[in-house]
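The values are calculated or read from the model by the stated rules, or taken from the named source; none is laboratory data. Every value quoted in this text rests on a predicted model; they were computed, and no experiment measured them. Methodologically, a virtual Cβ is constructed for each residue, glycine included, from the backbone with ideal geometry; neighbour enumeration extends over all protein chains shown.
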């Protein structure tokens, strides 16, 4: 199948736009390439410090042959998704020794959970935790002892942060190792019903806690298709996993076998001993390119993935010298059929998605339709077609097989010929309010357009207080501003979802307009999010007043305040004082990031100066 013209056009546009920045990046990475072990360049004192605690690996590390793997881990035992990583380094060290190499935990990075901080003050550190993880990754690898990297991380900001940090060491091969999802718990429909009843005051806190505990109940990622599991789908589409690794449960023999295989493979694709004629060397600088980024965005759209990646993937791409924007995402999404319905866009969780066909089925369908680039440098040594294979154990032997030819459950996964929708549903909106992102894959067609008066709030709790006071009557657009990266770190506003859903179910026509994030968990309510410029940058959202008519049309890709142009231009931006967002729970330590951060469309990143073509 030839490549779809829109995929070809967007990829070429990104490559043309990125010519200088990508060229500069690749030149730096090529200059850093070495064909002898990195540790041999250290002085004796440096090296002795580097292997002093390495026990059985000391002899290997003293020698001048064989690769050493740097493990960067997001392990902690509070968060379900990262708790399984506790024993991975032991398994990796053993597998590396058996393959003639060695492995060391180079460093740990924080793993912050939006599930714990959702609606809390700590959520204001969430986006910046990604940049902190990138910095931690760079610190870990700065010891220059390593010839390859294994990254242990899975959730929302952790995977993008690891990628951004590792791309600064793009001369090294890097394999991402997921931990896998927890088993299915309380069905999502039942959980959502209890949340909504609680929002109405019809369920007690004990009832709500019981439902939540029955949903999030074991080690592994949460099973809804949010940012964490969207990460895993995109890593498969970029060829950064061993094939089919994404949704294999933790603490299983298959999970361990995949971790061993990743260790063995990363040792095969180093630059050591390569005279430049072999294609075994697969540095991250080459595995992450314009084509793999486009593949990730197509996978995101095809599965109804998280809107957070409209920010994260911009930042990841920029770390590799690649420049794309929301126009590119919009065009890709409009030609990508929606092939999966996974909660919150459907009733099934990721375990149901995996059982129905999972990543292999979806990627194969997209490849066959010419909607993905097959010719990318996957870390497993093949092309993207090989990425579609499903892992399984034949006794104790790890093997791979073809994904199912036919979906095992058409209510969850469908072929390109019979999609849930003709497009992925990630839209770029623009108008006199600036630019924003909307996710419409779970929004019914009749709710994708609205013209209604604004109700303006400077915090999500203010909206919830107005709801409790009975002040949210009739049709309206809820405007929540002062939630961008420069204002308060751009927290997710997922806390609003039950209340907004309830209001819509009552028959009101409503929408959300915000410079904050929603993670795609806005679900069935139309939400224009990531509004840029944000209010703290004197963006147009700060000019909106209560009662202004706001029109959002996700189908047309527009959002506007219907205010007389002379009055609109005469208005000064209005924003509540930000002082309460500056201190407490460590927020004072992130002042520099708030000052340096770029816009949402630039990736909301504080680590590098925004490049222009």
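Which ones in the stretch 507-549 are within 16 Å of residue 427 (Cα to Cα) and out of contact with any strand residue (DSSP E or B) (no Cβ under 8 Å at 6 or more places or on another chain)?
Selection gives 523, 524.
Go through the stretch 26-55 residue by residue and tally those that are in contact with a strand residue (DSSP E or B) (Cβ under 9 Å, 6 or more places away or on another chain) and assigned to a helix (DSSP H, G or I).
The total comes to 4.
Look at residue 341 and say whether it is without any contact (Cβ under 8 Å) to a residue 40 or more places away in the chain and buried (at least 23 other Cβ atoms within 10 Å of the Cβ).
Taking the combined requirement at face value, the residue does not satisfy it.
How many of the residues making up the stretch 383-418 are in a loop (DSSP other than H, G, I, E, B) and farther than 19 Å from residue 294 by Cβ?
Within the stretch 383-418, residues that are in a loop (DSSP other than H, G, I, E, B) and farther than 19 Å from residue 294 by Cβ number 18.
Among the listed residues 152, 135, 141, 162, identify the single one that is surrounded by fewer than 24 Cβ atoms within 10 Å (Cβ to Cβ), more than 22 Å from residue 42 (Cα to Cα), at pLDDT 95 or above and touching a helix residue (DSSP H, G or I) at 6+ places or on another chain (Cβ under 9 Å).
Values: 152 fails: surrounded by fewer than 24 Cβ atoms within 10 Å (Cβ to Cβ); 141 fails: more than 22 Å from residue 42 (Cα to Cα); 162 fails: surrounded by fewer than 24 Cβ atoms within 10 Å (Cβ to Cβ).
Of the residues listed, the single one that is surrounded by fewer than 24 Cβ atoms within 10 Å (Cβ to Cβ), more than 22 Å from residue 42 (Cα to Cα), at pLDDT 95 or above and touching a helix residue (DSSP H, G or I) at 6+ places or on another chain (Cβ under 9 Å) is 135.
Suppose the filter is in contact with a helix residue (DSSP H, G or I) (Cβ under 6 Å, 6 or more places away or on another chain), part of a helix (DSSP H, G or I) and over 25 Å from residue 45 (Cβ atoms); does residue 130 pass it?
Numbers: in contact with a helix residue (DSSP H, G or I) (Cβ under 6 Å, 6 or more places away or on another chain): yes; part of a helix (DSSP H, G or I): yes; over 25 Å from residue 45 (Cβ atoms): yes.
Judged against the criteria, residue 130 is a match.
Every residue in the stretch 422-475 that is over 19 Å from residue 547 (Cα atoms) and part of a helix (DSSP H, G or I), please.
Selection gives 445, 446, 447, 461, 468.
Residue by residue, here is whether (1) in contact (Cβ under 8 Å) with a residue 12 or more places away in the chain; (2) surrounded by 21 or more Cβ atoms within 10 Å (Cβ to Cβ); (3) more than 22 Å from residue 136 (Cβ to Cβ) holds:
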residue: 67; (1), (2), (3): yes, yes, yes
residue: 75; (1), (2), (3): yes, yes, no
residue: 80; (1), (2), (3): yes, yes, no
residue: 84; (1), (2), (3): yes, yes, no
residue: 93; (1), (2), (3): yes, yes, no
residue: 99; (1), (2), (3): yes, no, yes
residue: 104; (1), (2), (3): yes, yes, no
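Being touching a helix residue (DSSP H, G or I) at 6+ places or on another chain (Cβ under 9 Å), in a helix (DSSP H, G or I) and under 14 Å from residue 152 (Cα atoms) narrows it down to one residue among 71, 92; which is it?
92
Which numbered condition trips up residue 600, out of (1) assigned by TED's automatic domain parsing to the domain that holds residue 479; (2) at pLDDT 85 or above; (3) surrounded by 15 or more Cβ atoms within 10 Å (Cβ to Cβ)?
(1)
So which residues in the stretch 384-399 are out of contact with any helix residue (DSSP H, G or I) (no Cβ under 8 Å at 6 or more places or on another chain) and closer than 30 Å to residue 346 by Cβ, if there are any at all? Lay out the reasoning, then the answer.
Keep residues of the stretch 384-399 that are out of contact with any helix residue (DSSP H, G or I) (no Cβ under 8 Å at 6 or more places or on another chain), which gives 386, 394-395, 397, 399.
Result: 386, single match.
I'm trying to understand the selection: among the residues of the stretch 170-181, which are surrounded by 24 or more Cβ atoms within 10 Å (Cβ to Cβ) and part of a loop (DSSP other than H, G, I, E, B)?
Within the stretch 170-181, 170, 172, 173, 178, 179, 180 qualify.
Here's a check for you: in the stretch 310-326, which residue that is in a helix (DSSP H, G or I) and touching a strand residue (DSSP E or B) at 6+ places or on another chain (Cβ under 9 Å) is farthest from residue 424 (Cα to Cα)?
311
Please verify whether the stretch 113-123 includes one or more residues that are buried (at least 24 other Cβ atoms within 10 Å of the Cβ) and either assigned to a helix (DSSP H, G or I) or touching a strand residue (DSSP E or B) at 6+ places or on another chain (Cβ under 9 Å) (or both).
yes
Could you list, in sequence order, all residues of the stretch 297-341 that are touching a helix residue (DSSP H, G or I) at 6+ places or on another chain (Cβ under 7 Å) and at positive phi?
321
In the stretch 1-11, which residues are surrounded by 12 or more Cβ atoms within 10 Å (Cβ to Cβ) and part of a helix (DSSP H, G or I)?
6, 7, 8, 9, 10, 11, listed by residue number.
Can you work out which of the residues in the stretch 361-396 that are surrounded by fewer than 22 Cβ atoms within 10 Å (Cβ to Cβ) and touching a strand residue (DSSP E or B) at 6+ places or on another chain (Cβ under 9 Å) is nearest to residue 271 (Cα to Cα)?
Within the stretch 361-396, the match that is nearest to residue 271 (Cα to Cα) is 386.
So for the stretch 361-376 (the condition being modelled with pLDDT of 95 or more, under 19 Å from residue 280 (Cβ atoms) and not in a helix (DSSP H, G or I)), does at least one residue qualify?
yes
Which ranges mark the strands (runs of 3 or more DSSP E) fully within the stretch 485-595 that have 1 or more residues being over 28 Å from residue 303 (Cβ atoms)? Give the steps one after another, and end with the answer.
Values: elements: 510-514, 527-532, 549-553, 558-561.
Hits in the stretch 485-595: 549-553, 558-561.
When you go through 449, 408, 399 one by one, which is the residue that is surrounded by fewer than 22 Cβ atoms within 10 Å (Cβ to Cβ) and without any contact (Cβ under 8 Å) to a residue 24 or more places away in the chain?
Details: 449 fails: without any contact (Cβ under 8 Å) to a residue 24 or more places away in the chain; 408 fails: without any contact (Cβ under 8 Å) to a residue 24 or more places away in the chain.
The unique qualifying residue is 399.
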